[in-house]
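Below: the structure, in structure tokens.
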Amino acid sequence: SEINVDFIANQSRAFHFDMTSSTIFPQLFPNTAKTNSNSNSNPHANDTVLRDMADKLVTVCASLNEYPHIRYKASSQVSTSLAHYFNEKFNAFVGSNKTWWYHGDTEHTERGRSTILLLSRKDDCLSPLLHEFTYQAMVHDLLELDDEKITVEVPSENGMEKKDALLNDNDELWVELRGKHIADVIKVLSSRIREIVHSNSGVANLNKKEGKALTMSQMANALQNLPEYREVMSK
């Protein structure tokens, strides 16, 4: 059997079409592209790209069993064309798949049909100029990632050892914290590290002897020496 999935869902509530923006953007907005120095070039968006995007969007909605109402800005040529192609292709899909169902049809009335909003970059020119301070943004800014894989150094019996980790929906902590502001993430992690460290009798006794709260550096060192931590890092 064939699976009609032409998109990448690397998060539970987000997906992308695996289309490089540096390649696609000049084709969608040729008048603004730096390479558009030829006065005879086509001033309109590339129909092939728009049709390809519409095909991919059809597979998204088909997989989610959604037959959405389409909303777009009429003054946007890109959004108007994409809405037209998507509507055309999705109606063809529905017509050729008689057993396919969608939320809001006569047999699935637990909720109504969804609505899809088609927005172009012209509708939001400010976002690319803003800098996010979420945990996920900081990780991408400061660390080297290969797609969703990150390589870190962790202590082992033979000294420091390199380990690969995947930052995806299988990592519960990553899912919980990735959308939070980095300041809030630091508070959450500090609190949890304290709970883990102070639950260890040896560290608790050290804290009592010193008569004051442990610093973050002391807690990090203590955490790395716990058997539970070493067990996790060895996997």
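The requirement of being in a helix (DSSP H, G or I) and either touching a residue at least 24 places away in the same chain (Cβ under 8 Å) or surrounded by fewer than 10 Cβ atoms within 10 Å (Cβ to Cβ) (or both) is fulfilled somewhere in the stretch 142-151, by at least one residue. Contact map, the stretch 44-69: first residue farther than 22 Å from residue 99 by Cα, second residue assigned to a helix (DSSP H, G or I) and polar (S, T, N, Q), Cβ cut-off under 7 Å, separation 6 or more or different chains; pairs are 44/77; 45/27; 45/77; 45/81; 46/27; 49/27; 50/81.
Scanning the stretch 103-141 for residues that are touching a helix residue (DSSP H, G or I) at 6+ places or on another chain (Cβ under 8 Å), assigned to a loop (DSSP other than H, G, I, E, B) and free of Cβ contacts under 8 Å to residues at least 12 places away in the same chain turns up just one, 131.
When you scan the stretch 80-114, how many residues do you find that are of a type in the set (S, T, N, Q) and within 14 Å of residue 62 (Cα to Cα)?
Step one: filter the stretch 80-114 for residues of a type in the set (S, T, N, Q), giving 80-81, 87, 91, 96-97, 99, 106, 109, 114.
After this cut, where a residue has to be within 14 Å of residue 62 (Cα to Cα) as well, the list is 87, 91, 96-97, 99, 114.
The qualifying residues number 6.
Would you be able to say whether some residue in the stretch 160-178 is modelled with pLDDT of 75 or more, out of contact with any helix residue (DSSP H, G or I) (no Cβ under 7 Å at 6 or more places or on another chain), more than 30 Å from residue 11 (Cα to Cα) and exposed (fewer than 12 other Cβ atoms within 10 Å of the Cβ)? For the stretch 160-178, residues modelled with pLDDT of 75 or more, out of contact with any helix residue (DSSP H, G or I) (no Cβ under 7 Å at 6 or more places or on another chain), more than 30 Å from residue 11 (Cα to Cα) and exposed (fewer than 12 other Cβ atoms within 10 Å of the Cβ): present.
Determine which member of the set 36, 97, 40, 31 is surrounded by 14 or more Cβ atoms within 10 Å (Cβ to Cβ) and at pLDDT below 95.
Numbers: 97 fails: surrounded by 14 or more Cβ atoms within 10 Å (Cβ to Cβ); 40 fails: surrounded by 14 or more Cβ atoms within 10 Å (Cβ to Cβ); 31 fails: surrounded by 14 or more Cβ atoms within 10 Å (Cβ to Cβ).
Criteria check complete, one pass: 36.
Checking each residue in the stretch 51-87 for being part of a loop (DSSP other than H, G, I, E, B) and among the hydrophobic types (A, V, I, L, M, F, W, C) picks out 64, 74.
Specify the residue that is farthest from the chain's Cα centre (by Cα); the eligible residues are those in the stretch 12-28 that are open to solvent by less than 50 Å² (accessible area, probe 1.4 Å) and within 22 Å of residue 148 (Cβ to Cβ).
Restricting attention to the stretch 12-28, the residues satisfying the condition of being open to solvent by less than 50 Å² (accessible area, probe 1.4 Å) are 14, 17, 24, 26, 28.
Pick out the ones that are also within 22 Å of residue 148 (Cβ to Cβ) and you get 14, 17, 24.
Values: 14: 5, 17: 12, 24: 19 Å.
Per the criteria, the residue is 24.
Here residue 86 meets the list (1) of a type in the set (Phe, Trp, Tyr); (2) open to solvent by less than 30 Å² (accessible area, probe 1.4 Å); (3) touching a Phe, Trp or Tyr at 6+ places or on another chain (Cβ under 9 Å) almost entirely, failing just condition (3).
The values are calculated or read from the model by the stated rules, or taken from the named source; none is laboratory data. None of these values were measured; they are calculated from a predicted model. When we count neighbours, we look across all protein chains shown, and the Cβ atoms used for this are built from the backbone with ideal geometry, even at glycine. Just so you know, the surface numbers come from the protein's heavy atoms only, side chains and all, with ligands and any DNA or RNA stripped out. Shrake-Rupley method; radii C 1.70, N 1.55, O 1.52, S 1.80 Å.
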